[in-house]
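Have a look at the structure below, then the notes.
The values are calculated or read from the model by the stated rules, or taken from the named source; none is laboratory data. Small disclaimer: the values here were computed from a predicted structure and weren't measured. Cβ placement follows ideal geometry from the backbone for every residue including glycine, while neighbour counts extend to all protein chains displayed. Protein only, heavy atoms only, side chains kept; ligands, DNA and RNA dropped before computing areas. Shrake-Rupley method; radii C 1.70, N 1.55, O 1.52, S 1.80 Å.
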Amino acid sequence: MRVLMTGGGTGGHVNPALAIANTIKQNDPEAVIEYVGTSRGIESKLVPAAGYPLHFVEIQGLRRKLTLSNLKTVWLTLTSPAKAKKIIREFKPDLVVGTGGYVSWPVVKAASQLGIPCALHESNAIPGVAVRMLASSVDRIYLNFEETGARLGCPEKLLRVGNPLLNASFTMDQAEARAKLGIPDKYKYFILSYGGSMGAERLNAAVLKLMRDFTAKHPEVYHLHATGAIEKELCGGWFKEMGLDKYENIKLVEYIYDMPYQMAAADLIICRAGAMTISELAISGKCAVFIPSPNVTDNHQYKNAKVLVDAGAAALFEERELEPTEAAPLTQCVSELLSDAGTERRKSMEKAIRDFAVTDANKRIYLDLLDLVKNKKN
């Protein structure tokens, strides 16, 4: 089978595509898989690192204000499908799979016009622009959230499968993970917090104040926070100014390289609300406090988190609720969740978030893709 993957701009689009590609390869070692992205997106790094040939089609989104950039967007929108068709004709795929981002639009649109089986995967609760534009053109749309389907209007094409994951280690036993990480038994609770690989200033500031006002006063709590690359020095300075480097139960790092183990070991996780993160938390069954990034298209992280909050599966704070000089709401929430009185609520949240987990998403998608190709040929 020859498969052309596409999706780009952010890891939230690229990682599901790579997870699907890897699953196809694991089940069909003879499969030939190539990828189409943009030269500016994170796919330009992640796809070659994963070992897949990468083709480029330039496309970008419209800006809210009238700018010269929008003229370029119109031009690329008109010309990019022809460039995508050239790649498709040369590669001759049996199947094209898109996972969102602007680059998905010309590639999947061109493939559908050429009569090639096409599928989309939407990770977020609110479907992105490319997925909405392509919904009428594709054969199948895979969903992570059930609620997403109501916004697409083609129920016969929808299949809720969850989110395909690159790493299957998120179901590890907590005691096993703690032992592997060497976390001493004296710590009753483990808080894990992070804002992303590059960093998140307001989230970092709020977490450091939480460390100062709560963790430093509770030696039975172990707290690990990842600052991200850009803010490593800034946060490191704040960390020392607050005297947090003197506490053995508090640790600050730039990046977490063994996330599946850390997540499995944790009792409470404070993080952003990207679709991949939510899927990992659901499979892990972890109590989560979300601080969504406000700097994403359609505010989709907030909308992702809100679905879980409405189901009693998580807590949520918007960045604007965390005042620059005071992190009391976050501190109060964590203090309550990790108290004896909060045990019942924490366990209830863990149970509720597990209801969102789909542990065999990769397999479901692979088997359905085989059916799409088979049915299209017939």
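Here are the numbers:
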{"item": "Square roots of five times the Cα gyration tensor eigenvalues for the stretch 304-378, Å", "result": "40, 17, 8"}
{"item": "Fluctuation leader among T359, T79, T171 - the chain, Gaussian network, Cα springs under 10 angstrom", "result": "T79"}
{"item": "Scattering curve values for the chain, log₁₀ I(q)/I(0), Debye with Cα scatterers, q = 0.06, 0.08, 0.13 Å⁻¹", "result": "-0.25, -0.43, -1.05"}
{"item": "Accessible area of the chain belonging to carbon and sulfur atoms, whole % at 1.4 Å probe", "result": "52 percent"}
{"item": "Virtual spin-label span in nm between M1 and Y247, 7 Å along Cα→Cβ", "result": "5.0 nm"}
{"item": "Coarse-grained scattering of the stretch 126-247 at q = 0.11, 0.14 Å⁻¹, given as base-10 log I(q)/I(0) from a Debye sum over alpha-carbon atoms", "result": "-0.64, -0.82"}
{"item": "Calculated log₁₀ intensity ratio I(q)/I(0) where the Debye formula runs over C-alpha points of the stretch 130-197, q = 0.26, 0.29 Å⁻¹", "result": "-1.16, -1.27"}
{"item": "Angstrom value of the Kirkwood radius, inverse mean 1/r, which spans all Cα pairs in the stretch 243-378", "result": "17.0 Å"}
{"item": "Equivalent ellipsoid semi-axes - Cα gyration tensor, the stretch 256-333, angstrom", "result": "20, 16, 13"}
{"item": "Linear extension gain, N375 paired with M133, 0.36 nm per residue minus alpha-carbon span", "result": "84.7 nm"}
{"item": "E156 paired with K240, simple spin-label distance in nm, labels 7 Å along Cα-to-beta-carbon", "result": "6.6 nm"}
{"item": "Linear extension gain, A311 paired with A49, 0.36 nm per residue minus alpha-carbon span", "result": "90.6 nm"}
{"item": "Per residue, in Å², the accessible surface of the stretch 166-289 once ligands and nucleic acids are set aside, probe 1.4 Å", "result": "42 Å²"}
{"item": "Residue-wise HN-Hα coupling along the stretch 92-101, computed from phi with Karplus coefficients 6.51, -1.76, 1.60 (Hz; x: Gly, Pro)", "result": "6, x, 7, 7, 10, 10, x, 10, x, x"}
{"item": "Cα-derived Rg over Rh, computed across the stretch 95-161 with Rh taken as Kirkwood radius", "result": "0.92"}
{"item": "Length gained when the stretch E147-E30 is fully extended (0.36 nm per residue, less Cα-Cα span)", "result": "38.5 nm"}
{"item": "Formal net charge of residues neighbouring L54 (Cβ-Cβ distance under 9 Å; K, R +1; D, E -1)", "result": "-2"}
{"item": "Net charge over other residues, Cβ less than 14 angstrom from the Cβ of N27 (K, R count +1; D, E count -1)", "result": "-2"}
